[in-house]
Amino acid sequence: MAAPGSGGDAAQEKHGRMSLQSSRDPALPHSRQDVVYDGNEAGSDRQGPGGLIRIKTAGESGRRGLHPLHFFKIIWTSSSSLSRAVNVLWPFVPAALAVYYTNTGPSTLRFSLAYIAMVPCANLIGFAGSELAKKMPHMLGVLTETTIGSIVEIILFLVLLLGTNNQNRFYIIRAAILGSILATMLLCLGLCFFAAGLRRETATFDSAISEVGTGLLLMAGLGLAIPTIFSRSISITEFNITQIDLDDRTTQLSRVVAVLLIIAYVVFVWFQMRTHHGIYDAIFEHDEHRDADKHKDAAKAKLTLTEAIVSLVISVALVTLIALALVHEIEPVVEESGISDPFMGLILVPLVEKAAEHLTAIDEAWDNQINFALSHCIGSTIQTAMLNAPLVVIIAWGRNLPLDLSFEIFEIAILILAIITVGNYLRDQKSDYLEGFLCIITYIAIAVAAFYFPTPPEAHGIVGGAEGTGVAEGGGHAERSLFM
């Protein structure tokens, strides 16, 4: 064992060596060999030989079981400031359920109430997920919180797929998949960069998160684009095949791509959770130490394990009911209001899917936990592209429904360009409010383009359109303006 006096020199030498690898934060490890597991370190959690399964005391509530008064008080007071602001929307939940199940009022009113009511329900799922995450090791906690935050998205996808017979449901699902990716990757990440930049000149994050995340995003974007490129590259007349044959080939290709993306996601999770978890745990531990309000968070009352599970069950049940109300009103709202399916699927639906994820990430960025915030943004985006979207395709396959991953050229081009743009911002491992503002502006520009983008005739099951013009009656080509 080294002499006590040599510990500082050894640490300095180690940190100096790592600074050659990353000039941003030499205190963080950059390889498995840099991670030292010391169970006797003050304040560390007990962990097993593998380092993955361990007992984390940061989320201990000091209570057991279910205490209704404490339960509701903690849900209302112990969340972040943004989440507490969202809690004032809870009266919209019973109102939305009442008007939907009594069929009261116009479709626009029922849709609006359900849309607003989804936000506090999603926020409760996010809070319950964060409470569970606090009781787990860092990497497992982040993965659990991200997965729980995706529950709303999965429920909406499944309700659209299985709970309705709308002729445009496949188109809205595909648009919602890309819209969820864009909302998290541009809007949420931009808000995180902007929030972090308001409190400090530059926010720095680790390359282990940004580089791996950027590579996976690019790979996932390419995977999602393959069926679209395949479908749009084949001319029916030139290759002497029918439209039905081309659609069948595209569907089969989409199913293969979906399976491959899920396999890639499983390998990615294994990479994070098993072979390289020590690097990520050290990064998140570092973020916890620089948390701007960690003392306030430590003093907040916490849910017990039972209370966290109960809150998840309640919130998932409410989200399912609200999702049914929301999805069943999409088609009437599109027809009555003139909103196009691209705007509905690409912008409106995704904004409520990841509401909880967005609020959590923004609060972490504000508190100088930029690695946590980045993990939520990039991790959620990767999960949508490599798990949630392929999972819906596979479920449709099991139900013999022809859902494929053939998107509009407009949508897939926007996706690839957005991935390249975000990857460029992540490359230097630092951010400021300007980069965040530019991401937000980019998302707003995409939203405006989606607003003016007409509903494609094939979204309503029409090939060739009316009288061969490609324009279907009521197909969403009516003139619209943001300034009327």
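Quick note: the coordinates plus some simple rules give every number you see, no bench work behind them. Just so it is clear, the model here is predicted, and its values are computed rather than measured. Note that we place each Cβ from the backbone using ideal geometry, even for glycine, and neighbour counts take in every protein chain shown.
In whole Hz and in residue order, list the ³J(HN,Hα) couplings for region 282-290 that follow from phi through the Karplus curve 6.51 cos²θ - 1.76 cosθ + 1.60, θ = phi - 60°; x for Gly and Pro.
5, 5, 6, 4, 4, 5, 5, 5, 9
Which of the peptides 358-369, 229-240, 195-206 is most tightly packed, and how do the rest follow, going by the mean number of other Cβ atoms within 10 Å of each residue?
Sorting 358-369, 229-240, 195-206 by mean packing, highest first, produces 358-369, 195-206, 229-240.
If I model a spin label as a point 7 Å beyond the Cα along the Cα-Cβ vector, how far apart are those points for Val259 and Ser337 in nm?
Those two pseudo-labels are separated by 4.0 nm.
Quick one: grab the alpha carbon gyration tensor of region 156-274, order the square roots of its eigenvalues as a ≥ b ≥ c, and give me rounded if a/c is under 1.5, else prolate or oblate depending on whether a/b is larger than b/c.
Prolate, because a/c is 1.5 or more and a/b exceeds b/c.
Mind running the shape call on region 64-454? Use the C-alpha gyration tensor, a ≥ b ≥ c as the square roots of the eigenvalues: rounded below 1.5 for a/c, prolate if a/b tops b/c, oblate otherwise.
Oblate, because a/c is 1.5 or more while a/b does not exceed b/c.
Which value in nm describes the separation of the simple spin-label points at Leu198 and Thr275, placed 7 Å from the Cα toward the beta carbon?
That separation, rounded to one decimal, is 4.1 nm.
Sorted by average packing, counted as other Cβ atoms within 10 angstrom per residue and highest first, what order do 179-187, 110-118 take?
The most tightly packed comes first, giving 179-187, 110-118.
Ordered by residue, what ³J(HN,Hα) values in Hz, to whole numbers, does region 433-446 give under the Karplus form 6.51 cos²θ - 1.76 cosθ + 1.60, where θ = phi - 60° and Gly and Pro are x?
5, 5, 4, x, 4, 5, 4, 5, 4, 4, 5, 4, 4, 5
Counting Lys and Arg as +1 and Asp and Glu as -1, what is the net charge of the other residues whose Cβ lies under 12 Å from the Cβ of Gly149?
-3
List every residue whose amide H lies under 5 Å from the amide H of Lys430, counting only residues 5 or more places away in sequence or on a different chain, with H placed 1.01 Å from N in the peptide plane.
Phe205
Could you check the spin-label model distance between Ile441 and Thr102? Points 7 Å from the Cα along Cα→Cβ, value in nm.
For Ile441 paired with Thr102, the spin-label model returns 4.8 nm.
Going by C-beta contacts inside 10 Å, put Cys121, Cys439, Cys377 in order with the fewest on the left.
The order, fewest Cβ neighbours first, is Cys439, Cys121, Cys377.
Please state the shape class of region 307-369: rounded when a/c is under 1.5, otherwise prolate if a/b exceeds b/c and oblate if not, all from the C-alpha gyration tensor.
Because a/c hits 1.5 or more and a/b fails to exceed b/c, region 307-369 counts as oblate.
For each pair in Lys135/Lys300; Lys135/Lys302; Lys135/Lys354, compute the distance between the two Cα atoms and list the pairs where it is over 20 Å.
Over 20 Å Cα-Cα: Lys135/Lys354.
Please give the length that would be gained between Ile409 and Gln252 if that part of the chain were fully extended, namely 0.36 nm times their separation in residues minus their C-alpha to C-alpha distance (nm, one decimal).
Going from the current span to full extension adds 54.6 nm.
Could you tell me which of Gly398, Phe453, Ile414 has its Cα farthest along the dipole of region 391-463 towards the positive end, charges placed at Cβ (Lys, Arg +1; Asp, Glu -1), taken about the Cα centre?
With unit charges placed on the Cβ atoms, the residue in question is Gly398.
Where does the charge balance sit around Ala183 when Lys and Arg score +1, Asp and Glu -1, over other residues with C-beta under 12 Å from its C-beta?
Summing Lys/Arg as +1 and Asp/Glu as -1 gives -2.
What relative contact order, as a whole-number percentage, does region 64-454 give when Cα pairs under 8 Å and 6 or more residues apart are counted?
About 39 percent, as a whole number.
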